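Asker: Supplied in structure tokens, the structure appears directly below.
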Amino acid sequence: MLPKEKREKGVLVLGGGIAGIQAALDLASSRIKVYLVERSPSLGGRMAQLDKTFPTMDCAI
Amino acid sequence: MDAGRHPNIEVLTNSELTGLNGRAGNFRAQVRKHPRYVKEDRCTGCGQCVEDCPVVVPNEFEVGMGGRKAIYTPFAQAVPNTYIIDKDHCLNEEFLVCSNCATNCDRDAIFFDDKGEDVEIEVGAVILATGFEVYDTSAISSYGYGLYDNVLTNMELERVLNASGPTQGHIVRPSDHKPPKKIAFIQCVGSRGEGGEAGCEYCSRFCCMNAIKDCMLFKQHEPDIEELVVYYIDMRAAGKGFEEFYQRSFDMPEIKYVRGRPSKITEDPETMDLIVQVENGETGEIYHHRVDMAILSAGAVAPKSNEKLAEVLGIELDGNGFFSLDTKYGSPLHTSKEGVFVCGCAAGVNDISDSVAMASGAAAEAEGYAAKLRVEEEPVEIKELDMSGPPRIGVFLCHCGINIAGVLDVEGLKDSVANLPGVAYVENNMFLCADEGQRMMQEKIIEHNLNRVVAAACTPRTHEPIFQDSCEQIGLNPYLFEMVNVRDQCSWVHTNHPETATDKAKDLIRMGVAKARHLQPLYRSKINITQSVLVIGGGVAGMRAALDLDAQGFKVYLIEKQGRLGGMLNHLTKVYPANLSAVDLARTMVEKMKSSRVEVMTSTELNSISGFIGNFDVSTTNGDFKVGAIILATGAETYKPVDEFGYGEYDNVITNIELEGILHEAKDKIEIRGGVPETVVFIQCVGSRDPEKNAGCSRYCCPTTIKQAVRLRENGVNVVVLHRDMRTVGAKSEEHYRHARALGVKFVRYTPERLPKVIGNGKKANNVEILELALNRLLEIPTDYIVLATGMVPNQTSNSHLHEILKIPQGADGFFMERHAKLGPVETTTEGVFLAGCVSGPRDIADSIAQGSAAAAKVACFIAKDKVTLDPTTCTVDQTLCRACGQCVEICDYLAPSLTMISPGVMAAQINQALCKGCGTCASWCPTGAISSLHFTDEQINSMIDALFEEQKV
């Protein structure tokens, strides 16, 4: 077991897809500590799998 | 992805919540970090281990179409970029001895004994953003998914279309690797079903638009394509700009839309072609359509993991496995547990832009419980290095593992740089961005008295801020740093031509060094922010935004043109999906407003606004004040029919909004204008989906009609709904549509080419005539009342007034434009000004509430800090050269330049640094050369051009 670090109180966000990341960024920019917990090994969720998004056809990643 | 780098975000991947106790404002969360077997602080993501790993398994990210190793990162741009070992497939077990990855890892990052970690975190609130899973299409056996090679899902197609996907973006059919000519898309696979094998009962919302987009991409990739046929039930292009996007696809004759749900797909065993058996829903004709490939538009289902999470959180799931909402406040963000919020697809399926708005909204709600927890940002004082004297340039060449060094001759590059004028030091490094590389760079800057730095590495888009920070930490002005992208522009794009790629890298680096010789230090300025907000409009969106900001402790002014708060709520009876009383909802919100500190000004209009981000001077008919940010929540109007469908001519033709009023007044018996109706006919899309009146879909009218039809039907009224597509998107809408059909509400389709005709005499309409499509004959429906489902249109007068004051761009539809259709739904291109609710497009109550909260979150991002930092890479005017022609004032999109009197009788341009984006348009336009674009001056750019051609002269 690794030693426990002291963590500041903040907000917990479960899920690191587009919604979770957006919520985390907004909180963090408002000077609130965020813990972003994701089940899979990386962030991005479904949107990272998409090619382009309508209607602007921007790259999804 | 910025989330990985933000100092206030700790990312815990490969982790899950195992416990939550305490109450809103004071939760204790237990999180289990599952073992990764690779140390995050050591792994640089070089990829050596992947080459050495002997195990290949299907890649989940490529939906099984490509392969990956047992040690892997899910995809190239993954955050974090640390590798992970898939223990189920790894050959390092008690009795197996493979440890190739560990042996060859230069950084000793592999850690087979990793047991993971349990952490406990104190949090004020929890946001659920658990997303969705793709419906398992193999459950519908009649479509042959998994059986026939050429049946793909929409998610598989996304990867095939992507240049970094398993086929490098070439579209081939899996059976014979030939480009397909005829493709069928099958909609609602796993959605709008009857449960069980036939799929979920709800509509998955995104698949219609996804199919339209994929058809258009297909056509772009393969111009020779012969046929793209979409088999659908209703085409649900319901969202801002969606209908217009759908209409645009009609310009491509290869794309055809056929109404019908195929019964099965079979395969021709010889050619591997597919035969789609389908009944045309309009003509009743049954036919067999031979195609090369079939795409199943798979719907979304709730992740299995929601069950365990629901138990941990103590929140119930709905019948579909999504988190249940507390509908009390009409909000789509609140769960039954105080302090726990949902966004995205956690409580039901939503598309990307709504998910983003909900996410910001959930952030605002969570901030209500966490506002006291704001962390202080400590100012750091650093002594600046001496930057005077001739340029002493340090050039750092990054190998990026094998990304750069695998293609370019890095030693040759080093030699070519060493003798360039001004270069005092050159060094190569395996991973310059890693902590170790950055430390080395800092040491060399100090050791060799370097006063300019060039990094030849990857993309400045993601890495320039990292290098600039490292310079700044040791006191070197960050604008004395220049980045050259030799990865994306050389080694990646010219992988097969290492020599010419190296030559190109030499040119680019020489240009970077030339620019570095002319770099000048620039300083970021800070301006103070007024920590208060103006909300314009007192409807649901405006009130929600004001309440959220008030809960976070900010000063809020709300102005409303009308004499009372409530907006559209005051004209409604029940609000779907939960059939909440509009009056109750309005009353609850207005009471909350009264008990809040929000300064509400009704019967108040806006006179003018001047200033810029953080510092707006507002003048209203009820006094003047100063604010730091502005939210526009002025709503929209319903379309007013003029000489259409007998409206205004016959007394018994009314609009859906007039019916709302009638239903609201009705007690036990429904009376419409003095009569008790036996039959009511609804006509949909009045003032919507019509390029001459309003091209867009108004989105709210289909669910509203369902709500009204059910109410009438429950009172014994015969109801017929005439429609083009029933677009019941949104929470529980499809289920309500199903309920209406079960109650006996009749739905008859019409086409825009043959609109329903209202026939009557005197002041009374008697019949509606409609062309029945399946029978191809005219039907006359006798009726007592006709209800026109009117669309939502922008409030022209108020929007043009606001446009004049704030210069926010309006779309072709007259609604205000958001910064980005997907990623910035409540932001505008003007910093400090935000949108909420119907001011940017038609929306229902729930979506407007989510937008109100989202706008509050975005405002908080600004005003939670007392200062805003301005980027110094802006434009500046040499007033001695300026002749005050005013062309810069005309050309600027951001209102940054203005003409002022600099001495008696002498005018000159000046640029407001807070408004300037540094785009350089004015600098290139200026006829006298008085304007220059800092960090991209003519001198700097010219020196780069000279450096490029210098070599070619030799």
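Asker: For the condition free of Cβ contacts under 8 Å to residues at least 60 places away in the same chain, surrounded by fewer than 24 Cβ atoms within 10 Å (Cβ to Cβ) and aliphatic (A, V, I, L, M), what is the one hit in B:Val375, B:Val410? Steps first, answer last, please.
Answerer: On the way: B:Val375 fails: free of Cβ contacts under 8 Å to residues at least 60 places away in the same chain.
None of the other options fit; the residue is B:Val410.
Asker: Of the conditions (1) more than 14 Å from every other protein chain (Cβ to nearest Cβ); (2) more than 30 Å from B:Gln30 (Cα to Cα); (3) β-branched (Val, Ile, Thr), B:Thr327 satisfies every one except a single condition; which number is it?
Answerer: (2)
Asker: Counting only residues that are outside any loop (DSSP other than H, G, I, E, B) and touching a helix residue (DSSP H, G or I) at 6+ places or on another chain (Cβ under 9 Å), how many does the stretch B:294-310 have? Explain how you work it out, then say what you get.
Answerer: Our first condition is that a residue be outside any loop (DSSP other than H, G, I, E, B); within the stretch B:294-310, this holds for B:294-298, B:300-301, B:306-310.
Next, only the ones that are touching a helix residue (DSSP H, G or I) at 6+ places or on another chain (Cβ under 9 Å) stay: B:294-298, B:300.
Count: 6.
Asker: Moving on to the next point. Could you tell me which residue of the stretch B:120-154 is nearest to the other protein chains (Cβ to nearest Cβ), considering only residues that are of a type outside the set (S, T, N, Q) and surrounded by fewer than 18 Cβ atoms within 10 Å (Cβ to Cβ)? It would help to see each step written out before you state the result.
Answerer: Applying the first criterion (of a type outside the set (S, T, N, Q)) to the stretch B:120-154 yields B:120-129, B:131-136, B:139-140, B:143-149, B:151-152.
Remaining after also requiring surrounded by fewer than 18 Cβ atoms within 10 Å (Cβ to Cβ): B:120, B:122, B:133, B:136, B:139, B:146-147, B:149.
Values: B:Glu120: 8, B:Glu122: 4, B:Glu133: 9, B:Asp136: 15, B:Ala139: 20, B:Gly146: 19, B:Leu147: 24, B:Asp149: 21 Å.
Of everything passing the filter in the stretch B:120-154, B:Glu122 is nearest to the other protein chains (Cβ to nearest Cβ).
Asker: Filter the stretch B:517-544 down to residues that are surrounded by 17 or more Cβ atoms within 10 Å (Cβ to Cβ), over 33 Å from the mean Cα position of the chain (by Cα) and more than 22 Å from B:Asn419 (Cα to Cα), then give me how many there are.
Answerer: 0
Asker: Can you list residue pairs whose Cβ atoms sit under 7 Å apart, with the first residue in the stretch B:199-222 being farther than 22 Å from B:Val729 by Cα and the second being of a type in the set (Ser, Thr, Tyr)? Count only pairs 6 or more apart in sequence or on different chains.
Answerer: Partner pairs satisfying both residue conditions: B:Met216/B:Ser249.
Asker: Then there is this: Quick check on the stretch B:244-254. Is at least one of its residues of a type in the set (A, V, I, L, M, F, W, C) and surrounded by fewer than 18 Cβ atoms within 10 Å (Cβ to Cβ)?
Answerer: yes
Asker: Looking at the stretch B:332-350, I want the residues that are in the same structural domain as B:Ala731 (by TED's automatic domain parsing) and in a loop (DSSP other than H, G, I, E, B) and have a partner that is modelled with pLDDT under 90 and not basic (Lys, Arg) with Cβ atoms under 6 Å, at least 6 apart or on another chain. Which pairs are those?
Answerer: Partner pairs satisfying both residue conditions: none exist.
Asker: Also: Could you list, in sequence order, all residues of the stretch B:647-674 that are surrounded by fewer than 21 Cβ atoms within 10 Å (Cβ to Cβ) and touching a Gly at 6+ places or on another chain (Cβ under 6 Å)?
Answerer: Selection gives B:Tyr650 alone.
Asker: Would you pick out the residues in the stretch B:607-637 that are at positive phi and touching a residue at least 24 places away in the same chain (Cβ under 8 Å)? Break it down stepwise before answering.
Answerer: Here is the first cut: in the stretch B:607-637, the ones at positive phi are B:611, B:614, B:623, B:635.
Within the stretch B:607-637, B:Gly614, B:Gly635 qualify.
Asker: For B:Asp251, are the conditions met, namely being touching a residue at least 60 places away in the same chain (Cβ under 8 Å) and either touching a helix residue (DSSP H, G or I) at 6+ places or on another chain (Cβ under 8 Å) or not aliphatic (A, V, I, L, M) (or both)? Can you show your working first?
Answerer: Values: touching a residue at least 60 places away in the same chain (Cβ under 8 Å): no; either touching a helix residue (DSSP H, G or I) at 6+ places or on another chain (Cβ under 8 Å) or not aliphatic (A, V, I, L, M) (or both): yes.
No, not satisfied.
Asker: Is there a residue being in contact with a Pro (Cβ under 6 Å, 6 or more places away or on another chain), within 14 Å of another protein chain (Cβ to nearest Cβ) and in contact (Cβ under 8 Å) with a residue 40 or more places away in the chain anywhere in the stretch B:847-854?
Answerer: Yes, the stretch B:847-854 contains at least one residue that is in contact with a Pro (Cβ under 6 Å, 6 or more places away or on another chain), within 14 Å of another protein chain (Cβ to nearest Cβ) and in contact (Cβ under 8 Å) with a residue 40 or more places away in the chain.
Asker: Any idea which residue in the stretch B:347-372 is surrounded by the most Cβ atoms within 10 Å (Cβ to Cβ), counting only those that are over 15 Å from the mean Cα position of the chain (by Cα) and more than 7 Å from every other protein chain (Cβ to nearest Cβ)?
Answerer: Applying the filter and picking the extreme gives B:Ala364.
Asker: Give the residue, chosen from B:Ala514, B:Ala505, that is part of a helix (DSSP H, G or I), buried (at least 20 other Cβ atoms within 10 Å of the Cβ) and within 36 Å of the chain's Cα centre (by Cα).
Answerer: Working: B:Ala514 fails: within 36 Å of the chain's Cα centre (by Cα).
Exactly one residue qualifies, and that residue is B:Ala505.
Asker: Then there's this: So which of B:Asn451, B:Asn485, B:Asn477, B:Asn496 is farther than 27 Å from B:His6 by Cα and in contact with a helix residue (DSSP H, G or I) (Cβ under 9 Å, 6 or more places away or on another chain)?
Answerer: Values: B:Asn485 fails: farther than 27 Å from B:His6 by Cα; B:Asn477 fails: farther than 27 Å from B:His6 by Cα; B:Asn496 fails: in contact with a helix residue (DSSP H, G or I) (Cβ under 9 Å, 6 or more places away or on another chain).
It is B:Asn451.
Asker: Could I ask something else about it? Any chance you could count how many residues in the stretch B:855-879 are surrounded by fewer than 16 Cβ atoms within 10 Å (Cβ to Cβ) and free of Cβ contacts under 8 Å to residues at least 12 places away in the same chain?
Answerer: Step one: filter the stretch B:855-879 for residues surrounded by fewer than 16 Cβ atoms within 10 Å (Cβ to Cβ), giving B:866-867, B:869, B:871, B:878.
Narrowing further to those that are free of Cβ contacts under 8 Å to residues at least 12 places away in the same chain: none.
Counting residues in the stretch B:855-879 that are surrounded by fewer than 16 Cβ atoms within 10 Å (Cβ to Cβ) and free of Cβ contacts under 8 Å to residues at least 12 places away in the same chain gives 0.
The values are calculated or read from the model by the stated rules, or taken from the named source; none is laboratory data. The model shown is predicted, which means the values in this text are computed figures rather than measured ones. Because the Cβ atoms are built from the backbone with ideal geometry, glycine has one as well, and the counts that use them run over all protein chains shown.
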